[in-house]
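This report refers to the structure that appears directly beneath it.
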Amino acid sequence: MFKERFVPGCARLAMDDCIIIGAGPAGLTAAIYLARFHLAIRMFDCGSSRAALIPKTRNHAGFPEGISGVDLLARMRKQAAQFGAFREEAEVTRIEVGDAGFTVHVEGRVFEARSVLLATGVVNHRPEMPADFHDKALANGLIRYCPICDAYEVTDKSIAVVGTGDHGAREAMFLRGYSADVTLIAPEGAHALDAAYASELEAAGIVCVDGPCGGFAIEGGRIALDTAQGRMTFDTLYPAMGSRIRSRLAVAAGALASEDGCLEVDAHQRTSIPGLFAAGDVAKGLDQISHAMGEAGVAATAIRNMLDDERPIRR
């Protein structure tokens with residue numbers, strides 16, 4: 001499935017059925033499906049799947065004791081490789097749309113495909129802190145990013161939410177359903193909350209603390225930080241500072257996206273460009289592993305059906 005198939009007299013490789021960009025849960029699920037459809041595929045990945053940051057997920061069905069993001073991705077890569085789909089660590093720099101398909105530029109190399117599946121996900125915005133501290137705090141559950149995934153684990157704990165505005169207020173209110181001890185801390189300066197949200201937060205007993213915040217450290221097994229009201233410590237901290245949608249490749253090729261950068265897709269994960277598909281967090285939807293995998297299955301099946309008329313009958 002991942003063989004180099006040169007065209008005589010041509011510097012380019014023969015056209016693949018599909019090139020997958022991104023190898024998180026969505027990309028790897030699609031690779032498993034497409035390889036088992038006997039399609040010729042390639043999968044490129046820059047090695048920064050957000051799933052790899054998950055210390056342990058207990059939301060994923062089939063793993064009652066939980067599983068780390070790194071272990072889940074390793075299992076999925078092994079399963080994909082079993083059917084001939086291998087991940088190459090390389091960055092795709094450009095996608096061009098042609099009459100017969102797509103030209104994909106990868107670190108000075110050029111590949112052609114009848115279809116492309118974008119599964120590049122998103123990147124969370126973080127508070128200013130050293131990377132090694134961030135990773136240590138994340139591994140110990142002192143920093144968390146997904147209340148849907150893991151708020152259950154901090155039930156009745158002391159929770160800080162770093163954020164403001166509508167996004168920060170909504171996340172703090174969501175977490176209030178798990179604990180009575182929730183504090184919303186502005187990342188910089190005073191809070192930017194409209195009157196309705198401010199009243200709702202006050203009624204829920206959520207404390208609002210102005211920023212700036214910084215000086216992050218682990219103290220007594222808790223996460224500590226400086227705020228405008230002095231140094232504070234919590235059992236865990238959720239950054240609610242938004243994210244960057246990694247849809248640049250598709251948007252540059254002409255695909256439609258929402259204001260926040262999420263690619264617009266139909267019920268079959270087709271973007272506005274025929275033959276270009278998107279699955280997972282790069283498309284609008286619930287940022288969950290199970291949801292990304294479901295979208296990938298839909299996209300892979302749609303790709304197979306789209307290419308069906310062009311595929312030779314096996315004999």
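Values as computed for the structure displayed
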| quantity | calculated |
| --- | --- |
| Qualifying residue in region 225-232 (condition: in a loop (DSSP other than H, G, I, E, B), more than 26 Å from V123 (Cβ to Cβ) and without any contact (Cβ under 8 Å) to a residue 60 or more places away in the chain) | yes |
| Qualifying residue in region 133-150 (condition: at positive phi and surrounded by 16 or more Cβ atoms within 10 Å (Cβ to Cβ)) | yes |
| Scan of region 224-270 for residues that are on the phi > 0 side of the Ramachandran plot and surrounded by 23 or more Cβ atoms within 10 Å (Cβ to Cβ), ordered by number | Q269 |
| Exclusive hit being within 30 Å of H38 (Cβ to Cβ) and among the charged types (D, E, K, R), set E128, E107 | E107 |
| Every residue from region 74-91 that is touching a helix residue (DSSP H, G or I) at 6+ places or on another chain (Cβ under 8 Å) and farther than 15 Å from I21 by Cα | M76, Q79, F83, G84 |
| Some residue of region 241-262 being part of a loop (DSSP other than H, G, I, E, B), among the basic types (K, R), under 27 Å from A113 (Cα atoms) and more than 19 Å from the chain's Cα centre (by Cα) | no |
| From I273, I206, residue being more than 30 Å from A100 (Cα to Cα) and either in contact with a Ser or Thr (Cβ under 7 Å, 6 or more places away or on another chain) or buried (at least 17 other Cβ atoms within 10 Å of the Cβ) (or both) | I206 |
| Qualifying residue in region 119-132 (condition: modelled with pLDDT of 95 or more, under 28 Å from G297 (Cα atoms) and not polar (S, T, N, Q)) | yes |
| Region 38-50, subset buried (at least 20 other Cβ atoms within 10 Å of the Cβ) and not small (G, A, S), residue farthest from G69 (Cα to Cα) | L39 |
| Those strands (runs of 3 or more DSSP E) lying entirely in region 11-90 with at least 2 residues in contact (Cβ under 8 Å) with a residue 40 or more places away in the chain and more than 19 Å from the chain's Cα centre (by Cα) | 16-21, 41-45 |
| Top-ranked residue of region 155-182 - restricted to ones that are under 20 Å from P212 (Cα atoms) and either among the β-branched types (V, I, T) or not assigned by TED's automatic domain parsing to the domain that holds R144 (or both), ranked as surrounded by the most Cβ atoms within 10 Å (Cβ to Cβ) | V161 |
| Residues that are closer than 15 Å to G211 by Cα, surrounded by fewer than 18 Cβ atoms within 10 Å (Cβ to Cβ) and touching a helix residue (DSSP H, G or I) at 6+ places or on another chain (Cβ under 9 Å), drawn from region 183-195 | A192 |
| Subset of region 92-106 (residues that are part of a loop (DSSP other than H, G, I, E, B) and farther than 16 Å from I20 by Cβ) | G98, D99, A100 |
| Odd one out for D266, checked against (1) in contact with a Ser or Thr (Cβ under 8 Å, 6 or more places away or on another chain); (2) modelled with pLDDT of 95 or more; (3) not in a strand (DSSP E or B) | (1) |
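The values are calculated or read from the model by the stated rules, or taken from the named source; none is laboratory data. Predicted model only: the values in this text are computed from it and were never measured. Note that each Cβ is placed from the backbone with ideal geometry, even for glycine, and that neighbours are counted across all protein chains shown.
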